[in-house]
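Written below as C-alpha cells is the structure these notes are about.
What follows draws every value from the coordinates through simple rules; no lab data is involved. Everything numeric in this text was worked out from a predicted model, so none of it was measured. Note that each Cβ is placed from the backbone with ideal geometry, even for glycine, and that neighbours are counted across all protein chains shown.
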C-alpha cells in the first residue's frame, strides 16, 4: 500500500508517495551514503530535472538502479 511521506527539498515542503518497502530502502541507502534522507531526495530531484516523470517515480528508478549496480558483477 502506498503511503505519503513529507520531506523538505530546498526549503520547500513536499510529499512523495511510495510503498513502505521503497521508503525503507531509500532510508538505508541514505544511511549507507552518510546522508540525510532529504539530502538524497534532493539529489534525486536534481537529476530528475533532466528527464520527465514525477519525484516518486524518480526515487523508485534510483533505488532500482542502485540495486542493479550492487547485484551486477563487475566486468572481468
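What do you get for the angle between helix 55-71 and the principal long axis of the chain? Use alpha-carbon atoms, 0 to 90 degrees, nearest ten.
20
If each residue of separation counts as 0.36 nm, what is the full-extension length gain between residue 36 and residue 8 once their alpha-carbon separation is subtracted? Mind dumping the intermediate values first?
Details: separation 28, 0.36 × 28 = 10.08 nm, distance 1.11 nm.
Length gained between residue 36 and residue 8: 9.0 nm.
Which order, highest average first, do 29-38, 14-23, 65-74 follow once you tally other Cβ atoms within 10 Å for each residue and take the mean per peptide?
On the way: 29-38: 13.2, 14-23: 15.1, 65-74: 8.9.
So the order, starting with the most tightly packed, is 14-23, 29-38, 65-74.
With bins 10 Å wide starting at 0, give me the P(r) of the chain over every alpha carbon pair, in whole percents.
18, 53, 24, 5, 1
Between residue 27 and residue 71, 0.36 nm times their residue separation minus their Cα-Cα distance comes to what? Write down the numbers at each step before the final one.
Values: separation 44, 0.36 × 44 = 15.84 nm, distance 1.88 nm.
That works out to 14.0 nm of additional length.
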